[in-house]
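If you scroll down you'll find the structure; I have some questions about it.
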Ligand code: FES
Ligand code: FES
């Protein structure tokens with residue numbers, strides 16, 4: 001039995017202690033935002049945060065997570081309000097999206113340590129593979145998220161999943177209580 005924290009909740013996995021964290025998250029916890037790309041530590045699609053570090057969850061066993069704090073893309077914020085998520089939406093970074101949760105977790109870990117990274121520091125941290133080539137937009141989104149974290153810029157909150165910004169704006173009046181209520 002292996003116990004640790006996932007997204008601020010205590011979990012207990014009754015699985016082989018040598019099970020890769022990636023499989024425990026996806027198959028036992030149904031946290032499928034963390035993706036399986038290569039299984040060999042090359043692509044970064046499986047990246048999660050463990051005790052503040054961006055870690056490739058395909059290379060870590062659940063036994064190695066004992067007593068540690070794991071955060072997945074689902075736990076980065078409750079409402080997609082993390083500056084990296086906001087800037088990712090504002091800069092329209094994703095294409096197919098497969099690599100993106102790993103990239104976002106990597107960027108969030110980078111900015112937690114250094115809110116104003118140089119291009120070289122961004123490139124050194126963002127070692128995941130994006131087959132769609134979104135690297136320039138990711139760099140711009142990281143710079144922008146850094147400005148938000150440093151209090152130099154504010155990004156309006158992103159609409160809920162599946163709702164386009166224009167539709168969200170139109171939907172707001174309909175959510176207000178009818179007159180007289
Ligand atoms: S699936 Fe873990 S690095 Fe590719
Ligand atoms: S957005 Fe498609 S792999 Fe990165």
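FYI, it's all coordinate maths here, none of it is from the lab. Keep in mind the model is a prediction, meaning the values are calculated, not measured. For neighbour counting, all protein chains shown are included, and Cβ atoms are generated from backbone atoms with ideal geometry for every residue, glycine included.
For segment 2-76, evaluate the Debye formula with one uniform point scatterer on each Cα (no solvent term) and list log10 I(q)/I(0) at q = 0.11 Å⁻¹, rounded to two decimals.
Those come out to -0.21, one per q.
While we're looking at this one, here's another question. Between residue 124 and residue 64, 0.36 nm times their residue separation minus their Cα-Cα distance comes to what?
Details: separation 60, 0.36 × 60 = 21.60 nm, distance 2.53 nm.
So the extension gain works out to 19.1 nm.
Then there's this: Counting other beta carbons within 10 Å of each Cβ, put 40, 32, 71, 47 in order, fewest first. If you can, show how the numbers build up before the last one.
On the way: 40 9, 32 14, 71 19, 47 31.
Ordered by Cβ neighbours within 10 Å, fewest first: 40, 32, 71, 47.
While we're looking at this one, here's another question. Which order do 113, 35 fall in if you start with the one that has the fewest other Cβ atoms within 10 Å?
On the way: 113 11, 35 21.
Placing the least packed residue first, the sequence is 113, 35.
Once the Cα gyration tensor of segment 53-127 is diagonalised, what are the square roots of 5 times its eigenvalues, in whole Å and ordered largest first, as equivalent ellipsoid semi-axes?
Numbers: eigenvalues 92, 48, 33 Å².
In descending order the semi-axes read 21, 16, 13 Å.
If you don't mind, there's one more thing I want to ask. Find the relative contact order for the chain and round it to a whole percent, using C-alpha pairs within less than 8 Å whose residues are 6+ positions apart. All intermediate terms of the calculation are to be shown ahead of the outcome.
On the way: 276 pairs, mean separation 38.1, N = 181.
Reported as a whole number, the value is 21 percent.
Something else now. On alpha carbon coordinates alone, what is the Rg over Rh value for the chain, Rh being the Kirkwood radius?
Numbers: Rg = 17.9 Å, Rh = 17.4 Å.
Rg/Rh for the chain comes to 1.03.
For the Cα atoms of the chain, what angle does the longest principal axis make with the long axis of helix 100-113, in degrees from 0 to 90, nearest 10?
Around 90 degrees separate the two axes.
Using every pair of alpha-carbon atoms in segment 83-149, split the distances into 10 Å bins beginning at 0 and state the percent of pairs per bin, rounded to integers.
24, 63, 13
Out of 83, 136, 17, any idea which swings most in a Gaussian network model of the chain, alpha carbons joined below 10 Å?
136
Moving on. Once the Cα atoms of helix 165-175 and of the chain are each reduced to a long axis, what angle between those two axes, in degrees from 0 to 90 to the nearest 10, is obtained?
70
Roughly how many Å is it from the Cα centre of segment 26-64 to that of segment 128-142, as a whole number?
19
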